[in-house]
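Enquirer: Before I ask anything, let me first share the structure, which is written out below as structure tokens.
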Amino acid sequence: MVREDKVILMTKLASYENNEGKRNMAIGNFFRGDYLSWQVLKSIICATIAYVILMGVAIVYNFEEFMLDIYKTDLLEFGKDLLVRYAVFVGAYGVLTYVIYSYRYGKARKSLRIYYQNLKKVSAMNRKEE
């Protein structure tokens, strides 16, 4: 005899596995520190690339002014200014990434905990039927 509550629970589990479960299971395979470190490292690399592109576009946009002022500019001070801006940009981006992925990791772990509890319920239902 088919138990309706078991079918409903198994349908929910299958739906979860096919949708958000894939991503959550991939996240759940990592330790928290490893997952966050990997995500922050990727974002710092992307932020560095974005910063270089933005600075390149800014220089190309103001190229004539840049070339006229290059001999008047203190290059050491200009370099320090670029490095400070880079550090602020990447630091803010890294902190934002840490907060976002920390939240996602916690949400995924909570979701997986509920998923595994429901799997145990289905397993218990199967044992009762035998």
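The values are calculated or read from the model by the stated rules, or taken from the named source; none is laboratory data. All of these numbers come straight from a predicted model, not from anything done at the bench. Here the Cβ is made from the backbone with ideal geometry for all residues, glycine too, and neighbour counts use every protein chain on show.
Enquirer: Can you pull out the residues in the range 32-57 that are over 19 Å from ALA92 (Cβ atoms) and surrounded by 12 or more Cβ atoms within 10 Å (Cβ to Cβ)?
Expert: Passing the criteria: ARG32, TYR35, TRP38.
Enquirer: Any chance you could count how many residues in the range 66-75 are exposed (fewer than 12 other Cβ atoms within 10 Å of the Cβ) and either in a helix (DSSP H, G or I) or under 33 Å from the mean Cα position of the chain (by Cα) (or both)?
Expert: Going through the range 66-75 one residue at a time, the tally reaches 4.
Enquirer: In addition: Scan the range 1-39 for residues that are of a type in the set (Ser, Thr, Tyr) and at pLDDT below 95 and report the count.
Expert: Here the count works out to 3.
Enquirer: Right, next: Go through the range 89-104 and give me each residue that's among the small types (Gly, Ala, Ser) and within 17 Å of ASP34 (Cβ to Cβ).
Expert: Within the range 89-104, GLY94, SER102 qualify.
Enquirer: Hey, another quick one. Mind counting the residues in the range 29-73 that are among the aromatic types (Phe, Trp, Tyr) and under 28 Å from LEU96 (Cβ atoms)?
Expert: Here the count works out to 6.
Here's the yes/no breakdown for (1) of a type in the set (Val, Ile, Thr); (2) touching a residue at least 24 places away in the same chain (Cβ under 8 Å); (3) exposed (fewer than 10 other Cβ atoms within 10 Å of the Cβ); (4) in a helix (DSSP H, G or I):
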position	(1), (2), (3), (4)
ILE59	yes, no, no, yes
GLU64	no, no, yes, yes
GLU77	no, no, yes, yes
LYS80	no, no, no, yes
TYR86	no, yes, no, yes
THR97	yes, yes, no, yes
GLY106	no, no, no, yes
LYS110	no, no, no, yes
